[in-house]
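A short worksheet on the structure shown next.
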């Protein structure tokens, strides 16, 4: 215990022999609870705003996730992935784009390792995503696929529905009669796939027409006398099993275990001969109405369970042909009754999809499209990062310098090399055999690869032009400053779409020599000049923050104007405008969507071409545009993250020089 002694002239404190016991701060002021209390629940008004905001966000995300899992049809993405990514680029030349992607990932990993900070969190998250992408398809294989339904009408049965199956797979076939008018008023009377081939003879179109007739009173579904034979056959036409559905025995079903891997098909035969009607008298069946021919009336669903729909992607078709052989040539009874292959794009999911069905039919196909790219990209980036990080932490300074030089040289070579790989040569025989790349017309470039080319070529070329324009505007030579001012103000005062139209139509009209120039080159020039004008104003704002005293000091030291700008003015000015420059870069990345108006189909333009040009994808525009939005967000976020890392690196600041 401390003691206080009172003397006539003073009071003094005597420290205790033992320190006081340690005490933890109140639990409500530290940790996550303390952070929440301080930032979100510090007052009544903040608490109310937090509760309302969290409630609205929770409701929004609940609806989004519910719709994405239960109702959205993501096959519009899965089936058109190649078009979205590379447009009409020749399939046999896509390896060039893959090589460019590998080089890009390698250089990014090398730069991150030698110049960046600790990227452990990034690689852990990426590894978790890859593990999930590997295990979800394994689990999806054990999930039974949703049922598939085909409509039987009074005039149309279904011809051969061809599918592939593996040995010991169980296929179930059912006849579901539609003999109640009330079903026409139900929005989702069943859950599963409905055949939705292009044209007016698809099951979806025929059922919509039938429902409209029931509502109008011109069709009575209770008038049912269909007599159908449902057959399961192998590729040679041998009937493996069959069942008869009659007006008195309408609902039938049977299952069959497939004897081997291969092609099979389902066929429904119509019989307009009615059954004889019997009456039992004293234990003896006596015919009271003979069999006779009656026109078919009524509707029914043919339901197929245990069968997967098939992808029409080139790689999947090749793998399917290698595993099961060529598609069997089967004659159809008529064109209207021919459904042929059970393809994904020829079906449409109806009703609320379960989570297991979402994994099986939506997420699994998407992951199978991207899993190889994810694994290869992760391995390449991890290897490159390890090399760069090892050199960075090495005790030998020359190791880091060597890797840094290799990285810089690699980025310098990367851009022209990528252009050569993408475009090829007009006369491949005139170059070295190793470089004999056939020319790919730039009009075939499209999708995300075209968006990336437009963005990064424009940004790379516009950056030095913007610096020159900003410095030229501050020049004391009137001819230079006036030219730069006029250029900047005119270009900034014109909408980008106008510049793109000028690049396509007006420039070739005035400059005949440019009429044969590829449209992509002309649009790149327009985007570059437009971006350079905006960059010039952004950089000029950074130049204005440099104190005049620094410039005068450099002049006193005998530095010429070039050295002053290169080593004193520009490093500080560019560092100050990193956020604004990145904002302009992200804006340009999104503005590249305008080139679809003038004839090039970049990422968004290719999506619009797919969903508007193919009837089967028109109902799924929300899914397609949501996917586009997610991709744009991811790339924009990566660009913003790189700018933050650049700011944190101290680029442009005064650094302590090491002694030699």
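Against the definition (modelled with pLDDT under 90, crowded, with 21+ Cβ neighbours inside 10 Å and in a loop (DSSP other than H, G, I, E, B)), how does residue 154 come out, yes or no? For residue 154, the condition - modelled with pLDDT under 90, crowded, with 21+ Cβ neighbours inside 10 Å and in a loop (DSSP other than H, G, I, E, B) - is not met.
Taken together, 404, 373 contain a single residue that is in the same structural domain as residue 111 (by TED's automatic domain parsing), under 23 Å from the mean Cα position of the chain (by Cα) and in a helix (DSSP H, G or I), which is 373. Scanning the stretch 325-350 for residues that are at pLDDT below 75, surrounded by 15 or more Cβ atoms within 10 Å (Cβ to Cβ) and either part of a loop (DSSP other than H, G, I, E, B) or not assigned by TED's automatic domain parsing to the domain that holds residue 233 (or both) yields 333, 336, 337, 338, 339. Of the residues making up the stretch 555-574, those that are part of a helix (DSSP H, G or I) and either without any contact (Cβ under 8 Å) to a residue 12 or more places away in the chain or surrounded by fewer than 17 Cβ atoms within 10 Å (Cβ to Cβ) (or both) are 555, 556, 561, 562, 563, 566, 567, 571. If only residues of the stretch 66-92 that are at negative phi, in contact with a strand residue (DSSP E or B) (Cβ under 9 Å, 6 or more places away or on another chain) and modelled with pLDDT of 90 or more are counted, the one that is surrounded by the fewest Cβ atoms within 10 Å (Cβ to Cβ) is 90.
So for the stretch 260-282 (the condition being outside any strand (DSSP E or B), surrounded by 12 or more Cβ atoms within 10 Å (Cβ to Cβ), at pLDDT 80 or above and assigned by TED's automatic domain parsing to the domain that holds residue 219), does at least one residue qualify? For the stretch 260-282, residues outside any strand (DSSP E or B), surrounded by 12 or more Cβ atoms within 10 Å (Cβ to Cβ), at pLDDT 80 or above and assigned by TED's automatic domain parsing to the domain that holds residue 219: present. Exactly one residue out of 246, 222 is closer than 18 Å to residue 180 by Cβ and either modelled with pLDDT under 90 or in contact with a strand residue (DSSP E or B) (Cβ under 7 Å, 6 or more places away or on another chain) (or both): that is 222. Taken over the stretch 486-505, the criterion of being part of a helix (DSSP H, G or I) and over 34 Å from the mean Cα position of the chain (by Cα) is satisfied by 486, 487, 488, 489, 490. Selection over the stretch 234-246 of residues that are touching a residue at least 40 places away in the same chain (Cβ under 8 Å) and buried (at least 16 other Cβ atoms within 10 Å of the Cβ) gives a count of 3.
The values are calculated or read from the model by the stated rules, or taken from the named source; none is laboratory data. Worth saying up front: this structure is predicted, and the values here are computed from it rather than measured. Glycine gets a Cβ as well: all are built from the backbone with ideal geometry, and neighbour counts include every protein chain shown.
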